[in-house]
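Below is one structure, written out as structure tokens; the observations come after it.
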Amino acid sequence: MLKVWGRVNSINVQKVLWALDELKIPYERTDAGLQFGVVSEPFYRRMNPNGRVPTIDDDGFILWESNAIVRYLSAKHGVGTLWPKDPRARADSDRWMDWATTTIAPPIHPVFWGLIRTPAGKRDSKAIEEGAKKLNAAFELLEQALDGRDYVAGSTLTMGDIPIGVHVYRWNALPIDRPSLPRIADYYHRLQERAPFRRHVMLPLS
Ligand SMILES: N[C@@H](CCC(=O)N[C@@H](CS)C(=O)NCC(=O)O)C(=O)O
């Protein structure tokens with residue numbers, strides 16, 4: 001059975017668990033990262049010299065980097081669903097995966113760590129404020145991109161929605177001011193209708 005290493009409150013692990021659930025792939029998961037340790041153990045470093053979560057072992061094939069894992073699982077099990085058959089639709093979907101990593105993840109990091117994982121007296125409010133501002137600006141761009149489409153690459157859920165969707169949840173769950181963005185609000189409602197999204201992504205922030 002496919003094995004996953006990673007704690008469930010990690011946004012990058014959540015992408016993989018959400019994809020596995022959408023694709024109905026059975027798996028075994030082992031807690032790893034932060035308080036669970038594991039990532040510095042020699043056996044783990046042999047699999048993943050980067051020492052982060054998630055990592056998967058699919059019948060001896062070891063893979064780390066969450067977006068690469070989502071692409072691999074989608075290509076193997078989700079042709080025509082998470083993995084669009086048409087190369088242009090696939091590139092569109094793929095683009096949003098990269099965009100989430102390069103444009104959403106950097107500003108959300110100081111906001112999430114500052115507000116959720118740092119005691120009130122030790123927060124860097126300037127970094128939180130600047131992160132929130134950049135984050136809101138990035139979501140304004142997504143709002144425009146969702147004009148006329150239900151999901152980031154068209155009318156159905158694809159792998160591109162996975163890195164975007166996990167960040168849409170965090171952005172909505174963080175105690176920050178957000179602009180009113182109606183297309184993203186509708187998109188977020190559509191994602192919430194999916195049991196795999198509710199199960200693996202909509203967890204209390206910790
Ligand atoms: N680009 C990597 C980032 C992996 C990463 O930074 N994971 C975080 C959790 S979201 C981590 O391992 N943090 C250290 C830890 O949990 O011990 C990916 O997408 O898989």
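The values are calculated or read from the model by the stated rules, or taken from the named source; none is laboratory data. Here the structure is a predicted model, which is why all the values come from computation and not from measurement. Here Cβ is always computed from backbone atoms with ideal geometry, including for glycine, and neighbour counts include all displayed protein chains.
When both residues are 6+ apart or on different chains and their Cβ atoms are under 9 Å apart, which pairs have a first residue that lies in the range 68-84 and is surrounded by fewer than 22 Cβ atoms within 10 Å (Cβ to Cβ), and a second that is among the basic types (Lys, Arg)?
Note: pairs meeting the criteria are His77/Lys24; Val79/Lys85.
Assess whether Ala32 counts as being closer than 24 Å to Arg170 by Cα, surrounded by fewer than 18 Cβ atoms within 10 Å (Cβ to Cβ), near the ligand (Cβ under 10 Å from one of its atoms) and not β-branched (Val, Ile, Thr).
no
For the range 26-52, which residues satisfy the criterion of being part of a strand (DSSP E or B) and of a type outside the set (Phe, Trp, Tyr)?
Residues satisfying the conditions are Glu28, Arg29, Thr30.
Which residue out of Lys24, Lys15 is at pLDDT 95 or above and either buried (at least 20 other Cβ atoms within 10 Å of the Cβ) or of a type in the set (Asp, Glu) (or both)?
Values: Lys24 fails: either buried (at least 20 other Cβ atoms within 10 Å of the Cβ) or of a type in the set (Asp, Glu) (or both).
After applying the criteria, what remains is Lys15.
Give the range 104-127 a look and list any residue that's among the aliphatic types (A, V, I, L, M) and under 21 Å from Leu181 (Cα atoms), or say none.
Correct list: Ile104, Ala105, Ile108, Val111.
Only residues that are over 13 Å from the mean Cα position of the chain (by Cα) and in a helix (DSSP H, G or I): list them for the range 107-121, please.
Across the range 107-121, the qualifying residues are Pro107, Pro110, Val111, Phe112, Trp113, Gly114, Leu115, Ile116, Ala120, Gly121.
Is it true that Asp124 is of a type in the set (D, E, K, R), over 15 Å from the mean Cα position of the chain (by Cα) and modelled with pLDDT of 95 or more? Break it down stepwise before answering.
Details: of a type in the set (D, E, K, R): yes; over 15 Å from the mean Cα position of the chain (by Cα): yes; modelled with pLDDT of 95 or more: yes.
Answer is yes for this residue.
Considering only residues that are surrounded by fewer than 18 Cβ atoms within 10 Å (Cβ to Cβ) and not in a strand (DSSP E or B), look in the range 53-65 and name the one that is nearest to the ligand (Cβ to nearest atom).
Glu65
Of all residues in the range 10-25, count the ones that are assigned to a loop (DSSP other than H, G, I, E, B) and under 11 Å from the mean Cα position of the chain (by Cα).
Total satisfying the criteria: 1.
Being under 16 Å from Arg95 (Cβ atoms), part of a helix (DSSP H, G or I) and out of contact with any strand residue (DSSP E or B) (no Cβ under 6 Å at 6 or more places or on another chain) is the filter here, so list the residues in the range 133-187 that pass it.
Those that are under 16 Å from Arg95 (Cβ atoms), part of a helix (DSSP H, G or I) and out of contact with any strand residue (DSSP E or B) (no Cβ under 6 Å at 6 or more places or on another chain): Ala138, Leu141, Leu142, Gln144, Ala145, Ile162, Pro163, Ile164, Gly165, His167.
What are the residue pairs meeting all of these: first residue in the range 140-156, first residue charged (D, E, K, R), second residue not in a helix (DSSP H, G or I), Cβ atoms under 8 Å, and 6 or more apart or on different chains?
What qualifies is Glu140/Pro179; Glu140/Leu181; Glu143/Leu181; Arg149/Ser155; Asp150/Thr156.
Return the total of residues in the range 35-52 being basic (Lys, Arg) and more than 9 Å from the ligand (Cβ to nearest atom).
Count: 2.
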